[in-house]
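The structure appears below as structure tokens.
Rule-based calculations on the coordinates, nothing more; no lab input. Note that the structure is predicted; figures quoted are calculated from it, not measured. Ideal geometry is used to build each Cβ from the backbone, glycine not excepted, and the neighbour counts take in all protein chains shown.
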Amino acid sequence: MMAGEGSAAKPRGGRLCTICNGRRAALKRPKTLEQICRECFYEVFEDEIHRVIVDNHLFKRGERVAIGASGGKDSTVLAYVLSELNNRHDYGLDLFLLSVDEGITGYRDDSLETVKRNEIQYGLPLKVVSYKELYGWTMDEIVKLIGLKNNCTFCGVFRRQALDRGATLLKVDKLVTGHNADDIAETVLLNILRGDIARLSRCTSITTGEDGPIPRCKPFKYTYEKEIVIYPYLNMLFTYAYFKKLDYFSTECIYSPNAYRGFAREFIKDLERIRPRAILDIIQSGEDFRISTFTKMPEQGNCERCGYISSQKWCKACVLLEGLNRGLPKMGIGRTRVLDNERDKDTRQTNGTKSIESKQCGTLDF
Amino acid sequence: MACSSGTCQSGCYKEEYSVNDENKTQKLVKANCEGSNGVSARGGVANGHGLCIKCKVNETIAATHPDVTGRGGGDSLRFCTDCFRSNLFGKFKFAVTSNGMITPSDNVLVAFSGGTSSRVALQFVHEMQFRAQKNFDASRDRSLPVFGVGVAYIDESTVLSNDSDRAIDEMNLIVSSLAPPAKHFHVVPTENIYSVDSTARRDRLSELLNAVSDTTGKEDLLVQLRMLALQKIALENGYTKLVLGTCTSRIACHVLEATVKGQGFSLAADIQYVDARWETPVVLPLRDCLTEELKMLCSLDSLKSVEAFQQPRSGINGLISSFVNILREENPSRESTIVRTAGKLTPFCFNRIPEVGNDNSHLASQRRQKKYNLKPNESLPPKSFCLVCNSPLKKPDDTNLDEFYNGKTSAQIYMVACSSCQYQILPKEPSSLEFFYSRLPQSMTALAKDNLNNQKLLRNQIQDCLLSDSDDGT
Amino acid sequence: MQLTLEFGGGLELLCNSVKIHTVDVEPKAEEKKLTMKHLLSWVHTNLIKERPEMFLKGDTVRPGVLVLINDCDWELSGQLDTVLEDKDVVVFISTLHGG
């Protein structure tokens, strides 16, 4: 196979792969500290995800599965790997790409282009649901009305529901997301920092929402972000030039420009540098925490207005929407519960200064 | 503040205040609770004249002691000196009484490192003892004895190769100034955990620590050895409780440390008011006090501390300390939130003072204790403890049964250690592991043998289960 | 000597949104060889136009930034001590962007 232009120059360091003992090692695995070549890397990378899928019984033959696709690195690699594994191991799954168009000019419209390319490259049908069609508002319009305060609250609540609605439209049995081990470790820490014991108890589950309309699962739960990022760069299935077109989208959201400057994420990366296994250890801790079975789980009902699952009369999205439509955009934001206040505060600090978390755009809220 | 935000689980030292004041104070304390979550600005407006938010009479610390305000201190600055002091002592006292930490018949050993936290612990224990003595002297029947207090310093100069003589002299002065009642001061080197002669001790200790290559692992092992040394002093001198100066800030760090090291299962054991895993129960009366508050008290009351040998933490622990520092700057109540979160994890059965005998003093303290502690079904005793860090072990998995029964010593040692100690402390290579094991003090290995037997029993049970229902699918 | 530098995963935003830079970098006068350590400070001075803290921390790349030298993880070639040669391709990828 061709290595592409990228490796035209001489390799540095002559160490051999510790797995095949034949080829030159190309990376050090954070999980095992093994030095392995790119061919063995794909193999173990994909095999591990296969094992996670099988060991955790994530899918059943014949299921329709939507891949939440943002055009970013995680979901792009997930879509690729999942369709590969589906073919290779004959899972018998019908895979779909599901994207949410928040209506953010210059951000989402560009990243949706990436997803549309994936649609063609992997041959997976794509469904795009937009805030405009679901709620009658684009994020651009919402920000015009409410400014840059609390915009992430709207976006997060709307996105979560939009994914569920899109999944319903696609009539899928499951929704998979690209959350990786670093994301989950960060979520464990954030839930400790915020005092959110309920989320702490469920944030490490590989499948969530089994009692809800559409269960969600995270096949990358044990996959290091480093490997996900490096995967397309080393992937020999694409030549270097071809891969250019496949590049995932990595521009920051224009309404939350410092979203990735979080303390917690930086802390995770600092930890990884001195002890790579810390990321998996945090997940292990999250799984092992002794949290007594819940007595105070709110009763789940349905929103009287839209029918979406909700513990209140109206679901959060409907409350926010009502506020927008009546010109009272503060409605439904924070103040209801202490935890909301804390979360709100964490989010508020993001514009301009550092916050403790990195991705407040609803992605951590699973 | 212990009651940093919202639910205010600490109970706001209600008990303490209801003893010496009526509803008025309670209301104020409550208001303070609700407001303390980042409302310095609001407080400032309501309190524009720089008066104490509690007594509303005296000037705040911020006004009277501008020199201490530069160093943070957050909400504490909005109290006057007296209210601040009584508030802090109130938290200590509440922790002591509601958990039955110190009873009149106790003989208490205070671990003193020279740092501010243990300095305050020592001060408060002394004040409590002093008051008890006064009451005793004044009472007619003298029925309630006064608890005894001793102080211990673990000299780590062998390990850190420094000279501790001057620091010990200073500590000696501090301890002797805290009289009456007089307190015995025990200065004991770490290597005292070995029961061989003194040069052999040092060699063993160095050999043990040198066998650990991970910086963080070495630091954690040293903490463990310190505890063993303290326990030994307590045991040999008839102490019944061991008081540590562990404060909220330190516990917040520990919560993150344990999480990062994969010790989520055992974490709850380490962060309660009481830890009776040890022969002499360990108690943490400063669990609800922030390090900033303790530092402030030391500087207000000119409590001397000896910081000469306070080692900066390293490796993973160092990273976490600086992370927590950043969090504190971003939000002063973050440390309390962390501890409050971890406080919701289910503790273990040994996280309360064990019930002993039938003596009256104990019953009296029982009556005073709050009954909220533990539901019995949630606190089943764990089967075994980690050889190194003494943390309760999860149920052993059955994957290594063969290896276990084929009985290599090294494999068996691994089996009685938690996964964190396996990774960061135990040497990987079998012969170095066996050497490491041989250098452990007897108090550790004796426990390990018990554990090993427990595990064997348990494994037999597991194997029986496996044989009887082989195809369960789980 | 001629090098190809590529910035990805959002790092290109720090250098005028240009992903691939073909550059000429010479070793420091007193040293014969060009090391990654020197290249990083060269990049800092010559290519990074904004927020250098997103790229560097201390004298090395910020944790979370991956470095590939000729398609090989720089952790295998000695990180800052890696000696570069003519026509080498160095890729910097940030992992800190959304997924």
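Tabulated results
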read-out	value
Two-site FRET efficiency, B:Asn210 against B:Asp169, from Cβ-Cβ distance with R₀ of 35 Å, rounded to 0.05	0.70
Cα→Cβ-extended label distance, 7 Å offset, between C:Glu85 and B:Asn135, nm	8.2
Alpha-carbon Debye profile of segment A:41-289, log10 I(q)/I(0) at 0.11, 0.17 Å⁻¹	-0.61, -1.57
Distant-in-sequence amide H partners of A:Ser292 (H built 1.01 Å from N, under 5 Å)	B:Thr346
Residues C:Ser17, B:Ser164 arranged by fewest to most Cβ contacts within 10 Å	C:Ser17, B:Ser164
Which of A:Ile67, B:Ile154, C:Ile48 has the fewest Cβ neighbours within 10 Å, and the rest in rising order	C:Ile48, B:Ile154, A:Ile67
Fully extended contour minus Cα-Cα distance, from A:Glu34 to A:Asp110, at 0.36 nm per residue	23.6 nm
Spin-label pair A:Glu322/B:Leu144, simplified geometry with 7 Å Cα→Cβ offset, distance in nm	5.7
Virtual spin-label span in nm between B:Asn325 and B:Asn453, 7 Å along Cα→Cβ	4.8
GluC sites (Glu not before Pro) within segment C:1-77, DSSP loop, no more than 16 other Cβ atoms inside 10 Å	C:Glu30, C:Glu31, C:Glu50
Order of A:Ile36, A:Ile197 - criterion: other Cβ atoms within 10 Å of each residue's Cβ, fewest first	A:Ile197, A:Ile36
Potential lengthening between B:Ala411 and B:Glu236 on full extension [0.36 nm per residue; Cα-Cα distance subtracted]	59.6 nm
Shape of segment A:60-172, Cα gyration tensor, a/c cut at 1.5	prolate
Nearest-0.05 FRET efficiency for A:Asn56 and A:Leu169, computed from C-beta distance (R0 35 Å)	0.85
Prolate/oblate/rounded label for segment A:101-221 (Cα gyration tensor, a/c 1.5)	oblate
Segment A:55-79 and segment A:97-168: distance between their alpha carbon centers, rounded to Å	18
Long-range amide H partners of B:His186 with built H, under 5 Å	B:Val151, B:Ala152, B:Tyr153
Length gained when the stretch A:Glu63-A:Arg273 is fully extended (0.36 nm per residue, less Cα-Cα span)	71.7 nm
Rg over Rh, two decimals, segment B:83-377 (C-alpha only, Kirkwood Rh)	0.95
Estimated vicinal HN-Hα couplings, Hz - segment C:3-20 in sequence order (Karplus 6.51, -1.76, 1.60; Gly, Pro = x)	9, 10, 10, 10, 10, x, x, x, 5, 4, 5, 7, 10, 6, 6, 9, 7, 10
Rounded if a/c under 1.5, otherwise prolate or oblate - segment B:71-110, Cα gyration tensor axes	prolate
